[in-house]
C-alpha cells in the first residue's frame, strides 16, 4: 500500500509537470495561464484555469499542457460566451488512489 509520502510525491509531481492550459473555440486553440495548482484538504490536486475570451462564441474544450508540451488532460465542454470579455473559471481535479487486485 502507498504511504503518505508516496501520495505527497505523486501530488507534487502533478504540480511540477502541468504548466499551461488551452481552450478551444470552434477549431482554434487559445493558450491561457493557470492561476493556481492547489492540494485540497482531502488530497485532491486542483488545477484552476481562469478564462476570458475576447469575443462571443462557444468554448468546446479545455485542456492541460505539460512542461513537455504534451496534452495531459482534456475536457469537452459547452460554455456559451454571449459577450466579449466574459470571465469564467474552469478547473481539473486529480484524485490519487489505489486499490488491491485480488
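The values are calculated or read from the model by the stated rules, or taken from the named source; none is laboratory data. Because the structure is predicted, anything quoted here is derived from the model rather than measured. Glycine gets a Cβ as well: all are built from the backbone with ideal geometry, and neighbour counts include every protein chain shown.
Just a few scattered comments:
- For segment 68-86, the candidate set comprises residues that are assigned to a strand (DSSP E or B) and either closer than 14 Å to residue 29 by Cβ or modelled with pLDDT of 95 or more (or both); within that set, the residue that is farthest from the chain's Cα centre (by Cα) is 78.
- Only a single criterion out of (1) loosely packed, with under 11 Cβ neighbours inside 10 Å; (2) in a strand (DSSP E or B) is not satisfied by residue 97, namely (2).
- Set side by side, the residues 65, 51, 37 differ, and just one is without any contact (Cβ under 8 Å) to a residue 60 or more places away in the chain, over 10 Å from the mean Cα position of the chain (by Cα) and part of a strand (DSSP E or B), which is 51.
- Close pairs from segment 1-23: first at negative phi, partner surrounded by fewer than 12 Cβ atoms within 10 Å (Cβ to Cβ) and assigned to a strand (DSSP E or B), Cβ under 6 Å, at least 6 apart: 22/31
- Subset of segment 81-92 that is free of Cβ contacts under 8 Å to residues at least 60 places away in the same chain and surrounded by 11 or more Cβ atoms within 10 Å (Cβ to Cβ) - its residue that is nearest to residue 8 (Cα to Cα): 92
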